[in-house]
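These notes are about the structure you will find just below.
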Amino acid sequence: MALNFALLLVFNPTVIDFLRITADPGIAWVLISLFMILIFTFGLSMILFSPAWFLLDAGIVYTNKEKVRNTTKPIEMKSVGGWYMGFMKGYAGISVIITFYSFVVELLNQLTPEQFHFSIPMFLLLLPILLSLWAVPAVLLFELTREKRRKLVWKWANKLDITKDLNMEIIQK
């Protein structure tokens, strides 16, 4: 999602004017701008995904057991953060592919034959991998704080009177 947001903004004239330190609009400046924008969009993406991660780690679920009682509909159990996470992952996954393709085409269209170098396509192919590696420290930090986050979510759940244990029996016929 961070890459998608950054790729959407990197060719925006207002953002370019805000970030531009030099008058050179070359490929190097586009990539520098991309990484500068990624610093902010990475934080924004973490803020958008964090609530779902908190809820998923805490194991808070809901069921339609009471709603479907005395009907032929099946009982469903879902995680509270699951729907939101599915929506966010779907948006981030599909849109980043489309946006990355548009970014590469736009970037290559801006290059003159004299500016083109074989390393540019290689770098663009490696860019998603490099950005994934850039996120590793944040993911590790998130893993190290898992238990504290679980306790925080359960503290709030207790304040909101979400304390019922879910006991479901699975019957296979």
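Modelled spin labels at Ala28 and Ile16, positioned 7 Å past Cα toward Cβ, are 1.8 nm from each other.
Its alpha carbons considered, the chain gives a radius of gyration followed by a Dmax of 22.5, 74 Å. Stokes-Einstein diffusion of the stretch 1-100 at 20 °C, 1.002 mPa s viscosity, Kirkwood radius from Cα pairs, rounded to a whole number: 131 µm²/s.
Solvent-accessible area of the chain (1.4 angstrom probe, protein heavy atoms only): carbon and sulfur portion equals 68 percent. Kindly state, to the nearest 0.05, the FRET efficiency for Phe142 paired with Ile94, given R0 = 25 Å and r defined as their beta-carbon distance. With R0 = 25 Å, the Cβ-Cβ based efficiency is 0.60. Phi-derived couplings, Karplus 6.51 cos²θ - 1.76 cosθ + 1.60 at θ = phi - 60°, listed residue by residue for the stretch 35-45: 5, 5, 5, 4, 4, 7, 6, 5, x, 4, 5 Hz, with x used for Gly and Pro. When all alpha carbon pairs of the stretch 78-173 are counted in 5 Å bins from zero, the resulting P(r) reads 2, 9, 10, 13, 14, 12, 10, 9, 7, 5, 4, 3, 2, 1, 0 %.
The trypsin sites (Lys or Arg not before Pro) found in the stretch 10-95 that occupy coil by DSSP, while having at most 11 further C-beta atoms within 10 Å, are Lys67, Arg69. Put simply, when 121-128, 31-38 are sorted by average Cβ atoms within 10 angstrom per residue, most first, you get 31-38, 121-128. Its alpha carbons give the stretch 46-111 an Rg and a Dmax of 19.2, 67 Å.
Accessible surface area normalised per residue over the chain is 72 Å², counting heavy atoms of protein chains with a 1.4 Å rolling probe.
The values are calculated or read from the model by the stated rules, or taken from the named source; none is laboratory data. The shown structure was predicted, so the numbers you read here are calculated from the model rather than taken from an experiment. With ideal geometry, Cβ positions are generated from the backbone for all residues, glycine too; neighbour counts draw on all protein chains shown. The protein model used for the area step is the full one, side chains on, heavy atoms only, and it has no ligands, DNA or RNA in it. Shrake-Rupley method; radii C 1.70, N 1.55, O 1.52, S 1.80 Å.
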